[in-house]
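FYI, it's all coordinate maths here, none of it is from the lab. The model shown is predicted, which means the values in this text are computed figures rather than measured ones. As a convention, Cβ positions derive from the backbone with ideal geometry for all residues, glycine included, and neighbour counts pool all protein chains shown.
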Amino acid sequence: MNPLIRLREVALNTILGTREDEVLNDPPPPPVAVDGVALAAELKQAVNRFKAMAMDEEGRQVAYQQLRDDPAYITYRTKLTPLLQRFDPASLPDRPTQLAFWINLYNALVIDAVIAFGITTSIAEQWAGLSFFRAAAYRIGGQRCSLDDIEHGILRANRGHPFIPGPQFADNDPRLAWIIDPPDHRIHFALNCASSSCPPIGVYSAEQIEQQLDLALRNFVAADVTIDPDRAEIHLSRIFDWYRDDFGGPNGIIQLLRQALPDDERRAWLMQARRGRLVYRPYDWTLNII
C-alpha cells in the first residue's frame, strides 16, 4: 500500500503543480519549546480576532482584503504559524482539545491561503479545488500538513479523499499519530472552505466542543434542508453526498436529519415518511468574500 500511495501523491503533485517543500509558514520558528495547550489557545484567539475584524455576524463572508493588512493577521502569519513547526500535535492532552485545535487551524489556514494565493473569485478555479486543498499547507512538527491532510487524514481518521482512492496517509506516515479516531461526522458542518455553500466559520473551544459541534450541525441542517412532499424529495447539501459513508449512507443521513432538524413540518414529514429520495444541490464554489 505504501508504494501505491507514494506513487499516487507524486502523480497528483505533478498534475496539480503542488510542491512538497512549499508551505505558508516558512519563516523559521524561534528556538523555544512550544506548549500545545497554549498554542491551541493562541490559535483560538487569532480566529476570534479574524471573525471580529473581517467577517459578517454569521461567519459566512470574509473581508479578505481588509484582513490582509491588519496587524492581527500579520502577527498570526509572522509569529504564530512559525511556532507550528516546533509543535507536536500528539502533545494535545485529549480529544476535545484536538478537535478544537484542528478545526480552528483548518479554518485559519483556508483564510491564510486565500490571501496568500491572491484568490478573488473561487478556490475551485483549477481542478475543481483539488489544487487549493493540496497547496494550502503548514509545516507542523516537521511534517507538511495540507488542508486535505487535516480533513481527510486527521479529522476523518485517515479515511481518505472521497474522490481519490486509498487512505490519506500511508501506514508508515508519522502523521498517523495525530489522527482523531473515531471520527465525528459533525466536523463537516464546522469546516469552512471559503465558498458560498460552506458552513459558517465558528471559533471552537475544548470546553464546549460537544455543544458547538451539535449546534453547527443543527444550524446547518435547519438552514439548508428543504422537503418537497409531493415528490417525496429531500433537498440537501452536496456535503451529504460526498461524505455519505461518514453519515452511514442514505439511511444514516435520513436518521441524522430526523434528529437534527427543528421541530417543524420538515421533521414531521420525515418522521412519518417511509422513504424519501435524497436530492443533492450543486455546490456554490463562489468565494465567500464581502
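Below is a table of values for the structure above.
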read-out	value
Cα-based shape type of segment 147-259, given that a ≥ b ≥ c are square roots of the gyration tensor eigenvalues and the cut on a/c is 1.5	prolate
Farthest toward positive dipole pole in segment 14-123 [+1 Lys/Arg, -1 Asp/Glu at C-beta], among PRO96, GLN85, PRO31	PRO96
Lys, Arg +1 and Asp, Glu -1 on Cβ, resulting dipole of the chain about Cα centre, debye, nearest 20	360 debye
MRE, 222 nm, helices only [DSSP H, n ≥ 4, -39500 (n - 2.57), over the chain, to nearest 500]	-12000 deg cm²/dmol
Lys/Arg +1, Asp/Glu -1 at C-beta; segment 177-290 dipole; positive extreme among TYR280, CYS198, ILE239	TYR280
DSSP loop trypsin sites (Lys or Arg not before Pro) with at most 13 other Cβ within 10 Å excluded, longest remaining stretch of the chain	20-230
Candidates ILE123, ILE234, ILE201: whichever shows maximal mean-square fluctuation once the chain is modelled as a Gaussian network with Cα springs under 10 Å	ILE234
Most positive-pole-ward Cα, ASN2, ILE150, VAL62, against dipole of the chain from beta carbon charges	ASN2
Gap separating the Cα centres of segment 126-203 and segment 212-258, nearest whole Å	21 Å
Amide H partners (placed H, <5 Å) of ALA157, local residues excluded	ILE180
Rg ratio (alpha-carbon, reference 2.2 N^0.38 Å) - the chain	1.01
Length-normalised contact order of segment 1-104 in % [C-alpha pairs under 8 Å, at least 6 apart]	36 percent
At R0 = 35 Å, FRET efficiency that the Cβ-Cβ distance of ARG275 and GLU58 yields, to 0.05	0.55
Charged-residue dipole, Cβ positions (Lys, Arg, Asp, Glu), segment 214-280 about Cα centre, Debye nearest 20	200 debye
Shape of segment 40-182, Cα gyration tensor, a/c cut at 1.5	oblate
³J(HN,Hα), Karplus 6.51/-1.76/1.60, whole Hz, each residue of segment 106-114, x for Gly, Pro	4, 5, 5, 5, 4, 4, 4, 5, 4
Considering only the chain, percent of DSSP beta bridges that pair antiparallel, nearest 5	65 percent
Difference of contour (0.36 nm per residue) and Cα-Cα distance, GLU210 to ASP228	3.3 nm
